[in-house]
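To start, the structure under review is shown below, and the notes come after it.
Read the figures in this text as sums done on the coordinates, not as results from a lab. Only a predicted model underlies this, so the values are computations on that prediction, with no experimental measurement involved. Cβ coordinates were reconstructed from backbone atoms using ideal geometry, including for glycine residues, and neighbour counts include every protein chain displayed.
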């Protein structure tokens, strides 16, 4: 629960989820510190929310993390390296998603809570991101046993609209110019949610979760084909015959996803209509 007057650290808070979370925490009366490696993005966020404090640095920098956490009451741990950012290069994924998470957990031993963002990609692990987020979840589980005075919470999210690694940025620019769009497999389905819905899940987890077991709620899905069609409907110029190149799924991708082991696949749950997707993008 966000308490008025208390201070909260958001690691990796310069993305779309971090931006929305900043806004939400501030609206609830909390104070915000955002830590990120990107000085430019931090400055832009500071211009948008002038009440926040910013810290430039890497979560693997133990002394910096220690100094930053000394003055906060809770931690939202968003910092991560996504699959597309380091596909086929596990070192950076392990450094940030596992070692960096361990540093944060070790240094946040006297806060009210540490909440980590995980992913549906941990259920059918096929790439660096899912593997390292799986290990992050296990770290949270173990720290709950080691230090019961801190609340350790984990939220599993699906694909978030316009997150750092989102294909939507590339598609949007290409479609506006009627240039060739590369698509993996139109049949593939993914959980799909807005940054607002993501933050709703984060706050709900903080308020309702009882332990460090991954928290998730029902999410709707979309096929890649419907998502592309929504982008074309919304952004393609008149009379554009958009060239589309199909390349097939990457080895780190699954055709369909699920958010928990015994749960339904994304092609088995309620999906967004193309019209709903147009409103979201």
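Over the chain, what is the relative contact order in percent, taking alpha-carbon pairs closer than 8 angstrom and at least six residues apart? Could the numbers behind the result be given before it?
Values: 544 pairs, mean separation 47.7, N = 281.
Answer for the chain is 17 percent.
Between residue 149 and residue 220, take the C-beta separation as r, use R0 = 41 Å, and let me know the FRET efficiency to the nearest 0.05.
Working: r = 37 Å, r/R0 = 0.91.
After rounding to 0.05, the efficiency reads 0.65.
Can you give the FRET efficiency for residue 46 and residue 95, using 1/(1 + (r/R0)^6), R0 = 22 Å, r = Cβ-Cβ distance, to the nearest 0.05?
Working: r = 26 Å, r/R0 = 1.19.
About 0.25, to the nearest 0.05.
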Taking 20 °C and 1.002 mPa s as the conditions, I'd like the Stokes-Einstein D for the chain in µm²/s, using the Kirkwood hydrodynamic radius from alpha carbon pairs. 110
Got a sec? How would 17, 281 order by Cβ neighbour count within 10 Å, fewest to most? 281, 17
Based on the Cβ-Cβ distance of residue 244 and residue 28, what FRET efficiency does E = 1/(1 + (r/R0)^6) give at R0 = 51 Å, to the nearest 0.05? 0.70
Output the antiparallel fraction of DSSP beta bridges having both residues in the chain, as a percent to the nearest 5. 10
At a 10 Å Cβ-Cβ cut-off, how would you order 77, 250, 256, fewest neighbours first? 250, 256, 77
Coordinate range along principal axes, alpha carbons of region 134-281, Å, largest first: 62, 30, 26
How high is the relative contact order of region 65-196, in percent, with contacts defined as C-alpha pairs under 8 Å that are six or more residues apart? 23
Cα centroids of region 208-260 and region 162-195: how far apart, whole angstrom? 8
